[in-house]
Amino acid sequence: MTANSDRLKPVQTHASAPKYELRTRQHGLGDNEFEICQLPSPASPQLAAPLRVAGLRGRNLELVEHRVLKRLAQAGVKLGTARADSTGYALAEDLALSLGLLFRALAPMRNRDNIRAVADGIEAMGREEAAYWLGMAMHRKNPRRVLTALRFLMTEPSKTRASI
């Protein structure tokens, strides 16, 4: 085996790595909900029960659902067609961090252009950057300020604000 092929091997996660799960629920026709949860594991001994990291439902999910499904398919997660009840799918840590941050950032947003810009920015983030922002959003005293700052950095200033 050459040194070059050794570098191309996929990285195996340890049994002590954090475990995440995607939970899907269908509330009605076209009304899906996706939720990311962190499961108790040796990496997170403080958790006695699953911890909800983030969730998204409704119009904002519909706007980015194709992106989420594409990323899940690339990771090998195949969602069933009948999602009437809650179903859980194991996720890799990288994907869970990225989707958790995406769901938290998009939940309160209303402007379609800004939603697209924030989704593009979060997709372009590396693992470490997504972990940093999600950690800040989950463990700071004022997580809304952190997410507002992230949204502000990802979107371009509007023309009305620029003229002031």
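Where a number appears in this text, it was derived from the coordinates with a stated rule and is not lab data. Quantities reported herein were computed from a predicted structural model and do not represent experimental measurements.
Numbers at a glance
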read-out: Extension gain (nm, one decimal) between R145 and A107, 0.36 nm per residue minus Cα-Cα; value: 12.3 nm
read-out: Cα point-scatterer Debye curve for region 18-156, base-10 log of I(q)/I(0) at q = 0.12 Å⁻¹; value: -0.46
